[in-house]
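The values are calculated or read from the model by the stated rules, or taken from the named source; none is laboratory data. Keep in mind the model is a prediction, meaning the values are calculated, not measured. In this analysis, Cβ positions are derived from the backbone assuming ideal geometry, glycine residues included, and neighbour counts consider all displayed protein chains.
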Amino acid sequence: MNLLNPSVIVIGGSLGQAGEHLMAGVREVVYRRSLPLATTHLRIAVSMAGDQAAILGASQMVTQFVLSPAAIETTLQAAG
C-alpha cells in the first residue's frame, strides 16, 4: 500500500465469495497497517468475475502478449 499506492484493491476467488465479514477484516488490516495518505482514496471491492477471474486474467495476459508490438513485429519479419 505505502509503496505502490493503488486506488483499488479487488478481492476475488474464494476470498471474495467468503462474505462481508472477511472483507471487513481485510479493510481493517489494510487501513491499520497503511499510512493515512495512501488510503485516502482507496477502494476495496469484491471482484464481479467470481469463479471466472483466473481464466479472464490469463486470457487478458495472453492477448496482451500476442498483440504486443514486439510480437507483431516478430511475426511480420518471420512471414517475410
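Observations, loosely collected:
- If the condition is being surrounded by 12 or more Cβ atoms within 10 Å (Cβ to Cβ), aliphatic (A, V, I, L, M) and under 20 Å from Leu15 (Cα atoms), then region 30-71 contributes Val30, Leu42, Ile44, Ala45, Val46, Ala49, Ala53, Leu56.
- All helices (runs of 4 or more DSSP H) inside region 1-78 with 1 or more residues being out of contact with any Gly (no Cβ under 7 Å at 6 or more places or on another chain) and at positive phi: 13-16
- Candidate set from region 18-29 (those that are modelled with pLDDT under 90 and of a type in the set (Gly, Ala, Ser)); member that is surrounded by the most Cβ atoms within 10 Å (Cβ to Cβ): Ala18
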